[in-house]
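Everything below concerns the one structure shown next.
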Amino acid sequence: MTPEIRDHCPLLQVFDMPKSLGFYRDLLGFEVVQQAPSAGDCDWALLRRGEIELILNTMYEASDRPPAPDPARIAAHGDTALFLSSSDVDGIYAYLQMKGLDMKEPVVRDYGMKQLWQKDPDGYSICFQWPAS
């Protein structure tokens, strides 16, 4: 018998923590559960929204951070996608458009999922999806 595994919590390496927190916390509604350091600007944060957990970690220590992200490193983030379930994909689309994001309308894929895709500030893909009715 295999041991029980209950949840998962992906870790994303981010270039600009305040910008990433603005996206996940302020735009998508995640709450910061824990961060380090615990006051001021953080380099690591555990976020939660309902049952979903996500860890953000800075790519560089503050003293080693270059003035701009490495384009090759950011391009590789396109290979990572977070799939978030929502029964109101159209509502998410309307909300994100109202917040100023430029995105394509949700589509129903041939395998029966209605999906809305968006990139986060570091180029990670996020797919909001739900079975099409």
>> What are the ³J(HN,Hα) couplings of segment 72-85, residue after residue, when phi is run through the Karplus curve with 6.51, -1.76, 1.60 and θ = phi - 60°? Round to Hz, x for glycine and proline.
In response: 5, 5, 5, 4, 5, 5, x, 7, 10, 9, 9, 9, 10, 7
>> Under 5 Å between amide hydrogens, which residues at least 5 positions from VAL14 or on another chain qualify, with H placed 1.01 Å from N in the peptide plane?
In response: ASN57, THR58, MET59
> Using only helices, what value at 222 nm comes out for the chain when you add -39,500 (n - 2.57) per DSSP H run of length 4 or more and divide by the total residues, to the nearest 500 deg cm²/dmol?
Replying inline: -4000 deg cm²/dmol
>> If amide hydrogens are placed 1.01 Å from N in the peptide plane, which non-local residues have theirs closer than 5 Å to the one on ASP43?
In response: ALA36
> Using unit Cβ charges (K, R positive; D, E negative) and no other charged atoms, how large, in debye to the nearest 20, is the dipole of the chain about its Cα centre?
Replying inline: 240 debye
> Each label point is 7 Å from the Cα along the Cα-to-Cβ direction; what then is the distance between the points at SER86 and VAL108, in nm?
Replying inline: 2.0 nm
> Simple spin-label model, 7 Å along Cα-to-Cβ: ASP26 to TRP44 in nm?
Replying inline: 2.5 nm
> Where does helix 89-98 land angle-wise versus the long Cα axis of the chain, in degrees 0 to 90, nearest 10?
Replying inline: 50 degrees
> In whole Å, what three semi-axes, largest first, describe the equivalent ellipsoid of segment 11-131 built from its Cα gyration tensor (square root of 5 times each eigenvalue)?
Replying inline: 27, 17, 12
>> Give me TYR124, TYR95 sorted ascending by neighbouring Cβ count inside 10 Å, so fewest comes first.
In response: TYR95, TYR124
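Bear in mind these aren't lab numbers, they're just calculated from the coordinates by the rules spelled out. Worth saying up front: this structure is predicted, and the values here are computed from it rather than measured. Every residue, glycine as well, gets a Cβ built from its backbone with ideal geometry; the counts of neighbours run over all protein chains shown.
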